[in-house]
1. Tell me, which residue of the range A:255-288 that is outside any strand (DSSP E or B) and open to solvent by 50 Å² or more (accessible area, probe 1.4 Å) is farthest from A:GLN149 (Cα to Cα)?
2. If B:GLY91 passes every condition in (1) assigned to a loop (DSSP other than H, G, I, E, B); (2) at pLDDT below 95; (3) more than 10 Å from every other protein chain (Cβ to nearest Cβ); (4) farther than 18 Å from A:ALA475 by Cβ but one, which one does it miss?
3. Within the set of pairs 6+ apart or on separate chains, which have a first residue in the range A:459-488 that is under 19 Å from B:PRO73 (Cα atoms) and facing another protein chain (nearest Cβ under 7 Å), a second that is surrounded by fewer than 18 Cβ atoms within 10 Å (Cβ to Cβ) and not β-branched (Val, Ile, Thr), and C-beta atoms under 6 Å apart?
4. Can you give me the number of residues within the range A:117-164 that are more than 21 Å from the chain's Cα centre (by Cα), within 23 Å of A:ALA330 (Cα to Cα) and among the hydrophobic types (A, V, I, L, M, F, W, C)?
5. Hey, can you tell me all the residues within the range A:190-240 that are modelled with pLDDT under 70 and among the hydrophobic types (A, V, I, L, M, F, W, C)?
6. Would it be correct to say that A:ARG332 is within 21 Å of A:ARG369 (Cβ to Cβ), touching a residue at least 24 places away in the same chain (Cβ under 8 Å), open to solvent by 10 Å² or more (accessible area, probe 1.4 Å) and in contact with a Leu (Cβ under 6 Å, 6 or more places away or on another chain)?
7. Can you say whether A:ASP306 is in contact with a His (Cβ under 6 Å, 6 or more places away or on another chain) and within 30 Å of A:ALA19 (Cβ to Cβ), as far as the supplied structure shows?
8. Specify the residue that is farthest from the other protein chains (Cβ to nearest Cβ); the eligible residues are those in the range B:11-20 that are open to solvent by 50 Å² or more (accessible area, probe 1.4 Å) and at pLDDT 95 or above.
Amino acid sequence: MRSSDVLTADVAVVGAGPAGLAAAGEAAAAGLDVVVVDAGARPGGQYWRHGPGAEGPAPGTHGRGTFSTLRAGLGRHGVRLVCGHQVWQAGRHDDGFVLRLRPVHDFPHDDAVERVSARRLIVCTGGYDRQLPVPGWDLPGVMAAGGAQALLKEYGTVPGQRVVVAGTGPFLVAVAAGLAEAGARVVAVCEANAPVRGWLRRPLAALGEPAKAVEAVRYAAALARHRVPYRTRTAVTRVHGDDSVRAVDLTALDHDGRPREATRTTVPADLVALGWGFTPSLDLLLTLGAATRLDGDGSLVVRVDDGQRTTVPGLYAAGETTGIAGATQAVREGLLSGLAVTADLGRAGRTGDGVDAGPSRSRRAARLRSGVRRGRRFAEALHAACPVPAGWTAWLAGDTVVCRCEEVPFAAVCHAVRELGAEDPRTVKMLARPGMGMCQGRVCGFATALITRHLTGHPSTAEALSAFGKRPLAAPVTLAELAASDDRTAPRTAPWS
Amino acid sequence: MPHEPDDRTDAEVCRVHFGGRTLTAQPGLSVAAALVREGITSWRSTRRAGGPRGLFCGIGVCYDCLITVDGHPDQRACLVAVRDGMRLEDGRCPEDDRGTGPDDGVRPDAAVGSRETGHGGGSGDAVK
């Protein structure tokens, strides 16, 4: 093993999005030795995703200046950035943590890093689009809304010409605006909930996030400019096509969120972008034993204190893993975690290096904590405005694929509950196999929990979601890699025992 | 920054081989972006229903976009950058030694080299 295969640091940060960059910069500015690991080819995460050769996200991107400042700070403070690598296992080791890494592909890699050891670990792994199955959603041309946006942000590629964007939440508006500006014909944005016109106006500012209001107004203007129809209380209830998407059914929803059949219309389309909020990526945090809670949007999130400390000593979390709340909040939490790790390791903290000189550390922390509380209220209001419609399972057919990897149909999930007596998502997974494939339930886990709740009448609990979401190996590895791993940092329970 | 890959390559365009065609792509594009720009939206079929699959999550989470790259099966097309001369195939390699991350103790076979990649060798049916 070459020396460069193993990195040692005071602080390891997983994720180079808004939270991770902020956390790393803050800790490094205080003199701590920091390593950041990210699966992407470039830092920025999903929010500040940008293309090869670009200095940063496109002009007009919200927080672009923040990205540039944070990015420059990493260089100035000697933060080591390991891009193109995934953490496949995280474990405790002596007084700290050991991360096992592998490149995101299997080709020979000159600069492959196998391991990062650090005294403290800050997990900023963000999240990804949450999905609800719909008949035909396994056809090519159906994408996660964030995936369609990622392709556009990073490669300037729009994967279709006639686009329907559907699901719930303000993110749909951002995705649709981007696609329309890039030249796609967005034939409809379908928002399953009603009060959306509300967030396109004052309430955002009233909730203390004026920048969000400005952003929303800009997207709304783009939709108006491109004459994109915005339909509330409407969902995509079926996707038609043979080898790829040809058309979609759009159906109005009643007050219980059930499709009103009489309103169904069929619209030609070749790209369907779906998003029902976001799922935080908790793999590493759950493996390390961090305590969780159910957030207002039904997502499992990790509990943190006012310094972003989890219940595991030395382990911090910032950004979407503590509750879906967006990039502005992620930066605040990242900075707070950096301040906390600095204090916890007994460093004096920054003495003023230009950009952030001035307020004392405690004043900065207090201001950030106040911002985090404001951001949390804002997120709670959005979660309340954009729930998953209660009656959504009414659009499922027996043969609708729930688990895309294992091709488990809705009927098999029903069978597991009604005939085999499964009462919780994990038992459904064992009996019917949703969540047993390559993605390990990342895509279907939330929907499987909702379907189980719908069929059994038992509410979802943090314990049930946690049982479904535990992934001791956070990425597929070869047996050789597994065999070469050190037992002392293996998960406490061997995953196959 | 020794570990931050250099996006630039000497080639102005990459030639990529897929399904008997030679496509051209700008260096730095992902395999998925290069295929989608050519109007190719699916590049594998599922092991049960044989349904076509391509890009879904677009960010490395869902493993729907798996493709064989230069003989390496099951690479995520959304994460791999194109290189000049790259050969892309619908991934089918039954002797692969990869298992998924075993999920919380319910699959005793996952650690013994069975293939769980969702197509090709398909061990899913063998799970007891």
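1. The residue in question is A:ALA262.
2. Result: B:GLY91 fails condition (4) only.
3. A:THR478/B:ASP97; A:LEU479/B:ASP97; A:LEU479/B:GLY113
4. The number of residues fulfilling the criteria is 1.
5. Hits for the range A:190-240 are A:VAL196, A:TRP199, A:LEU200, A:LEU204, A:ALA205, A:ALA206, A:LEU207.
6. yes
7. For A:ASP306, the condition - in contact with a His (Cβ under 6 Å, 6 or more places away or on another chain) and within 30 Å of A:ALA19 (Cβ to Cβ) - is not met.
8. Going through the qualifying residues, I end up with B:ARG15.
The values are calculated or read from the model by the stated rules, or taken from the named source; none is laboratory data. These numbers come from a predicted model, not from an experiment. Glycine also receives a Cβ, built like all others from the backbone with ideal geometry; neighbour counts cover every protein chain displayed. Only protein heavy atoms, including side chains, enter the accessible area calculation; ligands, DNA and RNA are left aside. Shrake-Rupley method; radii C 1.70, N 1.55, O 1.52, S 1.80 Å.
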